[in-house]
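Enquirer: Can you read through this structure? Questions will come right after.
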Amino acid sequence: MRDVVSALGINGVSPGAFGRTVIPNSSGRVIRVVSPVNGEELGQVAAADDAAYERVISDATEAFREWRKVPAPERGDLVRKIAGALRDSKQKLGRLVSAEVGKILSEGEGEIQEAIDIADFAVGLSRQLYGKTMHSERRSHRMYEQWHPLGAVGVITAFNFPAAVWAWNAMIAAVCGDVVVWKPSELAPLTAVAVNSICREAAKGSGFEAVFSLVVGEGPQLGQRLAADVRIPCVSATGSCRMGRSVAKAVAERLGRCILELGGNNATIVMPDADLKLVVAGVLFGAVGTAGQRCTTIRRALVHESVVGEFIERLSAAYKQVRIGNPLEKGTLMGPLIHAQAVESFRSAVARVPLEGGEVVCGGKVLSGMPSPLYVEPTIVKAKPGMPLLQEETFAPILYVVPVKDLAEAVELNNNVPQGLSSSIFTRSMQSMETFLSAAGSDCGIANVNMGTSGAEIGGAFGGEKETGGGRESGSDSWKQYMRRQTCCINYGDDLPLAQGVVFS
Ligand code: UN1
C-alpha cells in the first residue's frame with residue numbers, strides 16, 4: 001500500500017484511527033479535517049498534486065492490465081478479504097464516520113455494515129457475471145454475449161455516505177475486473193484514507209494493491225480532472241445536481257460513461273387508512289435521520305387532509321423528544337449539520353417559509369450552547385403546494401407537510417419536482433398501493449410502501465430519474481455498467497451464410 005500512500009504524501013493513518021493525524025505532502029497543500037461535532041481538527045490530509053494524481057492513474061491503469069486477466073471468482077476472493085477486514089474494524093470505522101461527518105454512532109456503524117453487505121454481495125456476484133446466448137438465424141452458427149472489464153472507474157463520493165456509496169461502486173467494480181480511483185469529499189477524506197488502506201492491506205503481496213486508489217483534493221478541480229480524463233472510461237458520481245451536470249458534460253465531451261446519483265426531493269404519501277404509528281416512526285427516521293442529510297431523506301409529506309392535523313400533532317410530539325447533541329454519545333438521535341454553509345441553507349430556507357405562505361409549526365431554530373454552532377432543530381413546516389421551496393433540496397432536517405385531497409393529487413405532487421430519487425406511501429389499501437407503484441404512479445427510482453424513503457438495502461439497484469441523474473448503483477444488475485458487453489458470433493459450419501438472407505456471390 002505504501003506506494004500510492006506515499007505518492008499522495010500520506011504518512012500512515014491506521015484503519016479506524018482518529019485523533020490528531022497530520023499527513024504532510026511535498027506540495028504542502030493540505031486539507032484540514034474539522035469535526036462538525038465539536039470543531040476539533042481531526043487531522044490534515046495532503047491534497048494530491050499533479051505528480052501524485054498522475055502516479056495514481058498510471059499505477060491504476062497498469063494494475064488493470066493484469067487484474068482484468070484474473071478469474072472473476074479469484075477477484076471475489078480479494079473482496080471477501082476486504083469484507084472480513086471491514087467487519088473487524090466496523091466499530092472503529094463507524095466512530096470515524098461519526099466524528100468526521102456527524103452522524104450518530106448507530107448510523108456510522110450502519111454505514112460500514114452497508115459496505116460489508118455490498119462486499120458480500122460482490123463476492124457472490126463474482127460467480128454470476130452472466131451473459132446470454134441467443135439462437136442464431138444462420139445454420140451452424142452460435143451467438144452469445146459476454147461481459148469484460150472496462151478499465152479504471154472513477155468514483156466521486158459525497159460527505160454524507162463517506163464509505164458505503166464508494167463501496168457500492170468499488171466492490172462491484174473490483175469483481176468486474178476494474179480498478180477504482182476514489183475521489184472522496186474533501187469533507188470526509190479520513191474515512192476514505194482508512195477504508196482505502198484496508199483494501200490495499202488486503203491486497204498486499206498480491207501485486208494488486210493499486211486496484212484501489214485514492215486521490216484527495218478540492219472537489220471541483222479534481223472532480224473535473226477525473227471527469228475529463230480519457231484513461232477513466234467510467235465515472236460514477238454522487239452529489240449535487242450542479243456537480244453532476246458538470247461531471248456529465250466533461251464525461252460526455254469525451255464520450256465516456258457516467259453513473260450519476262444526484263439530488264433527491266423525496267416525498268412520502270400518507271393515506272387516511274395508514275397506520276399512524278408506522279407513519280410517525282417512518283417519517284421520524286426518514287426526515288430526521290442523518291440530520292436530514294441523506295439524498296433519500298423525506299423532504300415532503302403529502303398527507304390526506306383528513307389526517308393531516310393528527311399527523312402534525314403526533315410527529316411534532318415525536319420531534320420534541322429527539323435528543324440532539326454529540327452523535328458519539330448513546331441516546332443521541334441527531335448530530336450536527338456538516339458545516340456553516342449547511343446551517344446557512346437551513347436558516348435561509350426557514351426564513352423563506354412565511355414569505356412563501358407556509359408556517360413553521362415545530363423547530364426552526366439554530367441551537368446555541370451546543371459543542372459547535374452546527375446544531376439545528378428538526379423542523380416541520382405546514383406548506384402550500386405551490387411554494388418554490390418545495391422544488392428545492394435543502395440538505396437539512398426540514399419537512400414540508402402538504403395536505404392533499406386524494407391519491408391522484410398526492411401522486412401529481414410527488415412527481416412535480418425536478419428530482420426523482422425516492423418516494424413512499426403509507427396505506428393499508430391494496431388499490432392505493434398498486435396505483436402508487438403503477439406506471440402512472442411514482443416516477444422515482446425507488447418506491448416504498450409502509451416505510452419511509454431512506455434506508456435502502458444494498459440488494460436493489462439504487463438511483464433515480466430526472467435530475468437525480470438516471471444512474472443505478474449497488475445491487476440487482478447494476479454491475480453491467482462497470483463492464484463492457486461483447487456480442488460474439490461463431491460459425492462452426494462449412495459455408496458462409498449471411499444474415500438477413502443477403503446473397504453476395
Ligand atoms: C445517499 O444519501 O447518498 O438509502 C445514500 C439510504 C442509504 C444510502 C443513502 N442506504 O438512505
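Enquirer: Considering 424, 454, which residue is part of a loop (DSSP other than H, G, I, E, B) and either closer than 14 Å to residue 301 by Cβ or without any contact (Cβ under 8 Å) to a residue 60 or more places away in the chain (or both)?
Expert: 454
Enquirer: Here are 209, 201, 218, 186: which of them is within 14 Å of residue 157 (Cβ to Cβ) and among the acidic types (Asp, Glu)?
Expert: Answer to the selection: 186.
Enquirer: Filter the stretch 372-389 for residues that are part of a loop (DSSP other than H, G, I, E, B) and either of a type in the set (Gly, Ala, Ser) or closer than 21 Å to residue 341 by Cβ (or both) and give the result.
Expert: 372, 373, 374, 375, 377, 378, 383, 386
Enquirer: Does at least one position in the stretch 434-450 carry a residue that is within 21 Å of residue 299 (Cβ to Cβ), within 12 Å of the ligand (Cβ to nearest atom) and part of a loop (DSSP other than H, G, I, E, B)?
Expert: Checking the stretch 434-450: at least one residue is within 21 Å of residue 299 (Cβ to Cβ), within 12 Å of the ligand (Cβ to nearest atom) and part of a loop (DSSP other than H, G, I, E, B).
Enquirer: From 481, 431, 500, grab the single residue that is assigned by TED's automatic domain parsing to the domain that holds residue 169, more than 16 Å from the ligand (Cβ to nearest atom) and either more than 20 Å from residue 391 (Cβ to Cβ) or not hydroxyl-bearing (Ser, Thr, Tyr) (or both).
Expert: 481
Enquirer: Name the single residue that is surrounded by the fewest Cβ atoms within 10 Å (Cβ to Cβ) among those in the stretch 193-210 being more than 18 Å from the chain's Cα centre (by Cα), in a helix (DSSP H, G or I) and not hydrophobic (A, V, I, L, M, F, W, C).
Expert: Among those that are more than 18 Å from the chain's Cα centre (by Cα), in a helix (DSSP H, G or I) and not hydrophobic (A, V, I, L, M, F, W, C), it is 201.
Enquirer: Against the condition modelled with pLDDT of 95 or more, on the phi > 0 side of the Ramachandran plot and more than 25 Å from the chain's Cα centre (by Cα), how does residue 12 come out, does it pass?
Expert: Here the answer is no, as residue 12 does not meet what is asked.
Enquirer: Here is a follow-up. For the condition away from the ligand (no atom under 12 Å from the Cβ), over 23 Å from residue 80 (Cβ atoms) and in contact (Cβ under 8 Å) with a residue 12 or more places away in the chain, what is the one hit in 126, 136?
Expert: 136
Enquirer: Among 264, 292, 239, which is the only one that is at pLDDT 95 or above, surrounded by fewer than 24 Cβ atoms within 10 Å (Cβ to Cβ) and within 16 Å of the ligand (Cβ to nearest atom)?
Expert: One residue alone meets the criteria, 239.
Enquirer: Got at least one residue in the stretch 443-457 being among the β-branched types (Val, Ile, Thr) and more than 22 Å from the chain's Cα centre (by Cα)?
Expert: No, there is no match, as no residue in the stretch 443-457 is among the β-branched types (Val, Ile, Thr) and more than 22 Å from the chain's Cα centre (by Cα).
Enquirer: I would also like to ask the following. With the requirement that a residue be out of contact with any helix residue (DSSP H, G or I) (no Cβ under 8 Å at 6 or more places or on another chain) and either buried (at least 19 other Cβ atoms within 10 Å of the Cβ) or not assigned by TED's automatic domain parsing to the domain that holds residue 273 (or both), what does the stretch 438-450 give you?
Expert: Scanning the stretch 438-450 gives 445, 446, 448.
Enquirer: Filter the stretch 451-471 down to residues that are of a type outside the set (Gly, Ala, Ser) and near the ligand (Cβ under 10 Å from one of its atoms) and give me whichever is surrounded by the most Cβ atoms within 10 Å (Cβ to Cβ).
Expert: Among them, the one singled out is 453.
Enquirer: Here are the criteria: (1) surrounded by fewer than 20 Cβ atoms within 10 Å (Cβ to Cβ); (2) more than 21 Å from the chain's Cα centre (by Cα). Tell me which single one residue 339 does not satisfy.
Expert: Answer for residue 339: the failing condition is (2).
Enquirer: Only one residue in 369, 364, 331 is small (Gly, Ala, Ser), without any contact (Cβ under 8 Å) to a residue 40 or more places away in the chain, surrounded by 13 or more Cβ atoms within 10 Å (Cβ to Cβ) and in a loop (DSSP other than H, G, I, E, B). Which one?
Expert: None of the others qualify; the one that does is 364.
The values are calculated or read from the model by the stated rules, or taken from the named source; none is laboratory data. Note that the coordinates shown come from a computational prediction; the quantities given were computed from them, not determined experimentally. Neighbour counts are summed over all protein chains in view; Cβ atoms, including those assigned to glycine, are modelled from backbone coordinates with ideal geometry.
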